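The values are calculated or read from the model by the stated rules, or taken from the named source; none is laboratory data. The structure displayed is predicted, hence computed values, not measured ones. Using ideal geometry, Cβ is built from the backbone for each residue, glycine included, and neighbour counts are taken over all protein chains shown. Quick note on the areas: whole protein, heavy atoms, side chains included, nothing else; ligands and nucleic acids left out. Shrake-Rupley method; radii C 1.70, N 1.55, O 1.52, S 1.80 Å.
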Amino acid sequence: MVERKNSTNWLSDYDIGTVLRDSHNQKEHALDVNVINSLTPKKYSKVTFDLIDFGDDTKDVEFINFFGEGVREQTTIKTRGNPLGRGETTTISMLSISPTTLNGKSFVIYDNSGSIGVWFNLDSKSSKPNITTDRYIEIPILSTDTSSNVASKAQVILNADSQFNSVSSDSMIIIQSDTVGNKTNSYDVDTNFGLITGDGLTSLNSTYITTYSANDTIKYHIWYNVDGLGTDPDPYSGASTPIEVALLNSDDSNLVASKTASSVNVISGFYAESEDDIIKIKNAQYGECTDAHDGDSKLVVETFEQGEDSELIMRIQVFFDAEHVVSGFERVL
C-alpha cells in the first residue's frame, strides 16, 4: 500500500515542533514524497534511471529500473604436486620368474622418441623378437640366474641408457624416464611380468590457465613461476593481464591450490579460495563470460556455474504535476 509521508500518523512524536512534517508540506524545501517500499523488489543488483526532459532546461527521473542479481561465473581448478614434473615410471615384478622362460621374450617401454623393445637373450642363444618398435635394448641373462639376478642385470643396462634411470631391489625393478612428462604406457609382450605404470607429469613452470572477468571485460592468464625460474608466457601477446603464482618445487597439491587462490584473490575481478587441492574462483560481477580454460598447465579446469547477466525485473514510473513536482509512482513492469 502506498502511504503519504505527510499523513497524520507518519512521523514520530519525537519530531518536536513538527519540523520534518512541516518541511515536507513546504514544496520549496522538499518534494511531497510517496513511500514506495511496497513497489521495490527485495533483491536486486543494480538500479538505473531514465530521465524526462521538461523542455525548460530541467530534467528529472521518469523511470526507475531494478535489475535482478544475475549469476556470477564460477570455475574450479584441480591442482597437483610435483610443480617441476616427474618422469614416467614402470615398476616390474620378476618374482618367481625362471630365466629359462624368458628366452627371447620382451616388454615395451617408451622414451621421448618412441617405443623400445626390451628383450632377454638367454645364454647368448636367443633371437631378437619379431615386434615392431623404434629400437631395442638387449638384456643378456644366464640359465643359472635367479629372479633377483635378472632384475639386477636389467637395471644396470637400462640405467646405462641415456633416456632412463632405474633401480632394483630383490626381484623388482623401477624404470623412470629421464625427462618429465607423460608418455605412452609400457606393456608386456610375453614375459608374464607384472607391470605397473605411473604417468609422468609435465612441469608447471611458465605454464598458464586463461580466465575472464564478467562480460569478458578483461582477459587474464594465471601463470606459474617455480623456484623463480619461470617467465611469463604472455600467450596473447600483451592482450591479457598476467596473474603470477610463485611456487616451490617441493609444494604439494594443497599448497599449489592455496597459493593459486591467494594470487587470484588479489585481483578485484575475482573471489578465490581453496579447499585441499581444489581452487574455486568466482567472478566479482554478475554476467556472462567466456569459460576459463587450460592453456598448457595440464591442470583440470571446469566451469562450475555459468554466469548470467542481470535482467530487468521491475520498472517504476514517476509522475509529475504541472509544476514538475512528483505526484505519484506506478509499477509498469
Review point. Restricting the search to the range 73-116, which residues are β-branched (Val, Ile, Thr), outside any strand (DSSP E or B) and either touching an Asp or Glu at 6+ places or on another chain (Cβ under 8 Å) or surrounded by 20 or more Cβ atoms within 10 Å (Cβ to Cβ) (or both)?
Key: Thr79, Ile97
Point to revise | strands (runs of 3 or more DSSP E) fully within the range 145-200 counting 2 or more residues that are farther than 26 Å from Thr132 by Cβ | key: 164-169, 172-180
**Study point:** Among (1) more than 30 Å from Leu255 (Cα to Cα); (2) touching a residue at least 24 places away in the same chain (Cβ under 8 Å) - the single one Lys125 does not satisfy
**Key:** (2)
Point to revise | Candidate set from the range 234-244 (those that are part of a loop (DSSP other than H, G, I, E, B) and free of Cβ contacts under 8 Å to residues at least 60 places away in the same chain); member that is nearest to Thr202 (Cα to Cα) | key: Asp234
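Could we say that Thr241 is crowded, with 19+ Cβ neighbours inside 10 Å and at pLDDT 95 or above here?
Working: crowded, with 19+ Cβ neighbours inside 10 Å: no; at pLDDT 95 or above: yes.
The answer is no for Thr241.
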Revision key, fill the gap. Picked from the range 117-135 (must be of a type in the set (A, V, I, L, M) and farther than 23 Å from Asn182 by Cα), the residue least open to solvent (accessible area, probe 1.4 Å) is Leu122
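Go through Asp277, Asp321 for me and flag whichever is touching a residue at least 24 places away in the same chain (Cβ under 8 Å), charged (D, E, K, R) and open to solvent by less than 80 Å² (accessible area, probe 1.4 Å). Walk me through how you get there before you give the answer.
Working: Asp321 fails: touching a residue at least 24 places away in the same chain (Cβ under 8 Å).
Sole residue among the options that is touching a residue at least 24 places away in the same chain (Cβ under 8 Å), charged (D, E, K, R) and open to solvent by less than 80 Å² (accessible area, probe 1.4 Å): Asp277.
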Check your understanding: What are the pairs, 6+ residues apart or on separate chains, where a residue within the range 136-163 that is under 22 Å from Lys183 (Cα atoms) has its Cβ under 6 Å from a residue that is among the charged types (D, E, K, R)?
Key -> Gln163/Asp111; Gln163/Asp178
